[in-house]
Amino acid sequence: MPDTNWEVVIGMEVHVQPRTRTKMFCGCAIGQLGDPPNSNVCEVCLGLPGVLPVVNRAAVEAVLKTALALGCEIPRHTKFDRKNYMYPDLPKGYQISQYDLPISINGRLELDGRQVRIRRVHLEEDTGKLIHAGDKLHKARESFVDLNRAGVPLMEIVTEPDIRSADEARDYAQALRTLLRTIGASEAEMEKGQLRAEPNISIRRYGSDDLGVKTELKNINSFRALHRAIEFEVKRQVEVVESGGAVVQETRGWSEPEQRTFSQRSKEFAEDYRYFPEPDLPPLELDRAWIEDLRRALPELPGSRRARLVSEYGLPASDAALIAADRELADLFEAAAKTSGDSKQTANWVIGEVAPTGRYPSPDHLAEVVTLVGAGRITRDQGREVLAETMNGGGSPSEIVAKRGFAQISDESELRKIVEAVIAGNPRAVEDYRAGKKQAMQALMADVRTRAPQANPKLASSLLIKLLG
Ligand SMILES: [Zn+2]
């Protein structure tokens, strides 16, 4: 429930793994989740002495595409910096990141007519992973380090504190994921750690322009967790302040099993990291012609596609948003709608039947099913079966309809027999219907489907109404 006294102020830092074959500064493969530990490593990402990093062009390109899609400025000069800290998952003792001259600045992401300002998009490298083994009972604890992730490219997308609720934070992260997938900059799978959202949260009295003390949340692995973690944290901060306490600036983890945030460590400040320009890498002077080529090659972005689906196909805004959120789905919709000539029904099928399965039929097959159902040749249930069968290589929809002997019963005398049997078999529902309980019709129609799955539902229901009336 929104609190009437407190305004929530949220900024987001999102780390995204750009789509590249190799790591940020060496030729190691990115590898897969579940590869044997330390199987994708070399002298460079192990931080051995005497090696030199080389910038991965594909990673820079992914950041540039992202920056362009977010309407960012791309300054002429950019450089890498060393962020110094000692932790066993960081064998060099520093992370190569960007401090005062990031690749891009000052962008925005449109959210339902509202703008979230993007402060910067920069490039850095990921760290390794610590694995703590042993059990609490015997205290025989050991720690291991897996450096497969060390040196994997990461782009960091940082917003201004423009987000005002857990809902908006989730919408922002989802819109960002859609954008990244649309432009091919990242697969952005949250569950695979390719997109990590770290919201920073503070509260202030309504009407105040001051920013409160913020906490930053980590360990968030899904959009649902992002939403819950923020809601929990806002409630916690309000309770702290209203009971006379003060919020402490810190990093807090999200515990999925306990559904709460917990203190991890006090927040570091920039000066703790002793940033300095990375001496092993020259500053990057980005070729303007390259940037313009990338700008021209950008596909239609989700925001404008959503608007076009409304204006060109007459879809309701909510349907357009669902379809435009997935480039493949939107491509399928547009191609199938053009063939079937029925945008509304095609959208229904795309949203109701195709999207939930995650398996996409060919546009022609989808259009054919839409047309067969629309023309009353087969029922919607049969259409669903036909669609599934085409995707399993069963042939075209009309071939399947012929093979399976699907055809609707639209003959009135035949339908009348079925409907009369339904009326005779359901005295209770008939009584209810006649007593004015219109929902009893659903039970009667369900029995029509059981007795004769091929019955044309529209004709059967009007016949029912006629015979009951
Ligand atoms: Zn390597």
* **Test for Thr339: is it of a type in the set (Val, Ile, Thr), surrounded by fewer than 20 Cβ atoms within 10 Å (Cβ to Cβ) and within 30 Å of Glu300 (Cα to Cα)** => yes
* To do: Determine whether Arg117 is assigned to a strand (DSSP E or B) and crowded, with 20+ Cβ neighbours inside 10 Å.
  => no
* Where residues in region 145-168 are farther than 30 Å from Tyr87 by Cα and in contact with a helix residue (DSSP H, G or I) (Cβ under 9 Å, 6 or more places away or on another chain), which of them is most open to solvent (accessible area, probe 1.4 Å)? -> Asp167
* Answer yes or no: is there a residue in region 198-220 that is free of Cβ contacts under 8 Å to residues at least 24 places away in the same chain and closer than 29 Å to Pro75 by Cα. => no
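Kindly state which strands (runs of 3 or more DSSP E) lie completely within region 213-331 and contain at least 3 residues that are under 25 Å from Val14 (Cα atoms), open to solvent by 20 Å² or more (accessible area, probe 1.4 Å) and not hydrophobic (A, V, I, L, M, F, W, C). So that I can check it myself, show each step before the final result.
On the way: elements: 215-218, 250-255, 260-266.
Answer list for region 213-331: 260-266.
Pick from Leu52, Leu101, Leu111, Leu68: which is within 16 Å of the ligand (Cβ to nearest atom) and touching a residue at least 24 places away in the same chain (Cβ under 8 Å)?
Leu52
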* Can you tell me how many residues in region 47-57 are open to solvent by 60 Å² or more (accessible area, probe 1.4 Å) and either polar (S, T, N, Q) or within 26 Å of Ile103 (Cβ to Cβ) (or both)? -> 3
* Asked: Is it the case that some residue within region 182-193 is within 16 Å of the ligand (Cβ to nearest atom) and not β-branched (Val, Ile, Thr)?
  -> no
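Select, from Ala429, Ala443, Ala402, the only residue that is closer than 25 Å to Ala367 by Cα, among the small types (Gly, Ala, Ser) and not in a loop (DSSP other than H, G, I, E, B). Spell out the reasoning first.
Details: Ala429 fails: closer than 25 Å to Ala367 by Cα; Ala443 fails: closer than 25 Å to Ala367 by Cα.
Ala402 is the lone residue from the list that is closer than 25 Å to Ala367 by Cα, among the small types (Gly, Ala, Ser) and not in a loop (DSSP other than H, G, I, E, B).
Any residue that is open to solvent by less than 40 Å² (accessible area, probe 1.4 Å), in contact with a Ser or Thr (Cβ under 9 Å, 6 or more places away or on another chain) and more than 16 Å from the ligand (Cβ to nearest atom) - is there at least one of those in region 16-35?
Taking region 16-35 as the starting set, the residues that turn out to be open to solvent by less than 40 Å² (accessible area, probe 1.4 Å) are 16-18, 20, 22-26, 28, 30-31.
Narrowing the set further to residues that are in contact with a Ser or Thr (Cβ under 9 Å, 6 or more places away or on another chain) leaves 16-18, 28, 30-31.
Now restrict to residues that are more than 16 Å from the ligand (Cβ to nearest atom): 16, 18.
Checked against the condition, which is being open to solvent by less than 40 Å² (accessible area, probe 1.4 Å), in contact with a Ser or Thr (Cβ under 9 Å, 6 or more places away or on another chain) and more than 16 Å from the ligand (Cβ to nearest atom), region 16-35 yields at least one hit.
Before we move on, is Arg359 open to solvent by 30 Å² or more (accessible area, probe 1.4 Å), farther than 23 Å from Gln174 by Cα and free of Cβ contacts under 8 Å to residues at least 60 places away in the same chain? Walk me through how you get there before you give the answer.
On the way: open to solvent by 30 Å² or more (accessible area, probe 1.4 Å): yes; farther than 23 Å from Gln174 by Cα: no; free of Cβ contacts under 8 Å to residues at least 60 places away in the same chain: yes.
In short, no.
The values are calculated or read from the model by the stated rules, or taken from the named source; none is laboratory data. Everything numeric in this text was worked out from a predicted model, so none of it was measured. Because the Cβ atoms are built from the backbone with ideal geometry, glycine has one as well, and the counts that use them run over all protein chains shown. Heavy atoms of the whole protein, side chains included, go into the accessibility calculation; ligands, DNA and RNA do not. Shrake-Rupley method; radii C 1.70, N 1.55, O 1.52, S 1.80 Å.
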